[in-house]
2 protein chains.
Amino acid sequence: MKVLIVFAHPEPKSFNGALLEAAVETLSAGGHDVQVSDLYKLHFASGTTRSDFTTVADPDYLKYQIEEAKASTENGFATDIAEQQRRVVWCDHLILLYPLYWFHLPGILKGWVDRVMAAGFAYGGGKWYETAPLYGRRALLAFTMGAPQDRWADDTLFGPLDGILNPIRYGILNFCGFEALEPFVVYAPARITDDARRAYLDRWRERLLGLDRETPLPFRRAADFGAGRYRGAGS
Amino acid sequence: MKVLIVFAHPEPKSFNGALLEAAVETLSAGGHDVQVSDLYKLHFASGTTRSDFTTVADPDYLKYQIEEAKASTENGFATDIAEQQRRVVWCDHLILLYPLYWFHLPGILKGWVDRVMAAGFAYGGGKWYETAPLYGRRALLAFTMGAPQDRWADDTLFGPLDGILNPIRYGILNFCGFEALEPFVVYAPARITDDARRAYLDRWRERLLGLDRETPLPFRRAADFGAGRYRGAGS
């Protein structure tokens with residue numbers, strides 16, 4: 001496997017850090033190739049700005065998707081974005097590893113998605129979902145959260161966990177052609193015993209080595225909704 | 001009204017920019033107070049790092065919520081966060097104005113939520129939802145998107161719009177004590193006529209002047225789920 005891990009925790013000593021270390025060790029020892037994009041170490045920018053491009057479609061009016069589309073055909077992405085895109089193309093398995101912040105990706109990781117999964121690169125020209133250029137790759141959301149598992153159910157304050165994961169699964173991963181694997185969720189790592197944490201790490205190592213043999217979650221095919229062709233924003 | 005607009009579009013000439021301009025003009029002319037946090041102009045950081053604090057709870061291990069809680073009691077937030085928190089406390093209406101990116105807030109705006117709505121400031125010490133320190137304020141999501149309205153329904157590829165808005169409404173706004181107003185959604189502003197855009201701006205101005213007379217969407221009360229008291233992450 002060629003695994004790209006996009007890591008979005010500011011503290012290497014955190015349980016997220018332990019998951020990252022275990023992943024790199026386990027996958028490497030298993031003969032797989034691993035690359036890590038450590039967004040805090042990279043000081044990865046989150047804002048979508050003109051400096052994301054070396055090419056210019058319209059110098060007077062920044063329409064981000066238009067600039068993305070031009071940059072995609074003319075090799076015009078800024079270095080930090082281009083490097084991440086190379087890694088995404090290289091991988092067959094993408095892992096987003098992060099602490100859950102406000103029921104979604106941390107801002108720094110959301111910014112990675114906003115900037116890297118560009119029009120013309122990840123979708124566009126009629127293509128998305130099952131026709132997306134990156135189709136065939138797999139993606140895994142791996143995250144820690146403060147809350148315990150029983151906070152997530154139909155009749156709880158937070159509701160079912162799928163309520164917050166489906167928009168990412170369908171709207172980011174499937175949209176870009178990635179089949180989503182069952183998420184790896186660590187509940188309340190700060191409040192459990194060392195043994196329970198070790199058990200999480202054991203399960204994590206086991207899962208990682210078998211990622212390519214897992215059956216992905218159902219893929220939302222655009223054609224099934226009569227939307228097989230991406231027709232551009234708002235068309 | 002005291003209205004804080006958090007604005008997250010990089011292009012002032014965009015329709016988002018037009019909505020911002022209209023809001024400031026209309027509210028000011030109506031005798032209301034307005035402050036604008038223009039995140040791109042501020043180069044607002046998205047990552048949660050140690051430099052977010054002037055106080056230190058643990059110099060060897062960054063546990064962000066612990067540092068937030070300490071900073072909250074000791075006036076220890078970095079200047080950019082402290083300034084935003086002052087504005088949030090000042091306002092009675094909070095407007096998040098942004099382009100929809102990947103079915104959620106843009107990374108730069110998600111980072112604003114991650115960093116500003118801190119433990120000890122927006123929740124904690126037993127308080128959240130209807131007991132949150134900021135309870136009683138109102139919040140409005142105002143956003144543009146590339147897709148037209150008919151893309152959002154039970155039987156479409158994207159599903160109903162509430163599927164992507166509810167996690168923000170319940171998990172960020174209500175969590176922090178804000179009553180959510182009906183979102184203001186602009187569908188595909190780049191693909192509609194000038195007249196249709198003007199009609200949106202007219203509706204926007206009208207809504208703004210009546211925000212304090214609107215009936216908010218149902219508030220998710222924690223007590224209704226037997227979760228009246230915030231018991232700390234993972235407790």
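So here's what we get for this one:
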| item | result |
| --- | --- |
| Global geometry of segment A:2-225, whether rounded, prolate or oblate, following the gyration tensor of its Cα atoms and the 1.5 cut on a/c | prolate |
| Label point distance in nm, A:Arg198-B:Arg221, each placed 7 Å from Cα along Cα→Cβ | 4.7 nm |
| Student exercise, chain B dipole from Lys, Arg, Asp, Glu Cβ charges, in Debye to nearest 20 | 240 debye |
| Label distances, nm, A:Thr156 versus same residue in remaining copies, Cβ-directed 7 Å point | 3.2 |
| Rg/Rg_ref, segment B:26-68, where Rg_ref = 2.2 N^0.38 Å and atoms are Cα | 1.86 |
| Listed pairs B:Lys2/B:Lys70; A:Lys127/B:Lys110; A:Lys110/B:Lys2; A:Lys70/A:Lys127; B:Lys2/B:Lys41; A:Lys13/B:Lys110 exceeding 19 Å between Cα atoms | B:Lys2/B:Lys70; A:Lys127/B:Lys110; A:Lys110/B:Lys2; B:Lys2/B:Lys41; A:Lys13/B:Lys110 |
| Paramagnetic reach from A:Ala29 (point 7 Å along Cα→Cβ, amide N under 14 Å) across segment A:174-204 | A:201-204 |
| Whole-Hz couplings from phi, Karplus 6.51/-1.76/1.60, listed for segment B:83-100; x for Gly and Pro | 5, 5, 5, 4, 5, 5, 5, 4, 6, 10, 10, 10, 10, 9, 10, 6, x, 5 |
| Calculated label separations, B:Gly31, copies of the chain, 7 Å along the beta-carbon direction, nm | 7.8 |
| Protein accessible area in chain A, 1.4 Å probe - carbon and sulfur % | 50 percent |
| At least 30 Å² accessible surface lost relative to isolated chain, residues of segment A:81-109 (1.4 Å probe) | A:Tyr101, A:Trp102, A:Phe103, A:His104, A:Gly107 |
| Inverse mean reciprocal Cα-Cα distance (Kirkwood Rh) of the protein assembly as shown, Å | 22.9 Å |
| Segment A:12-46 and segment B:192-228: distance between their alpha carbon centers, rounded to Å | 42 Å |
| Overall form of segment B:80-201 per C-alpha gyration tensor (a/c, 1.5; a/b vs b/c) | prolate |
| Heavy-atom accessible area order for B:Arg197, A:Arg138, A:Arg203, largest first, 1.4 Å probe | A:Arg203, B:Arg197, A:Arg138 |
| For the pair A and B, total buried accessible area rounded to nearest 100 Å², probe 1.4 Å | 4400 Å² |
| Label point at A:Tyr135 placed 7 Å out along Cα→Cβ; residues across segment B:122-154 whose backbone nitrogen lies under 16 Å | none |
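The values are calculated or read from the model by the stated rules, or taken from the named source; none is laboratory data. Because the structure is predicted, anything quoted here is derived from the model rather than measured. Ideal geometry is used to build each Cβ from the backbone, glycine not excepted, and the neighbour counts take in all protein chains shown. The accessibility values were calculated without ligands, DNA or RNA, using every heavy atom of the protein model including side chains. Shrake-Rupley method; radii C 1.70, N 1.55, O 1.52, S 1.80 Å.
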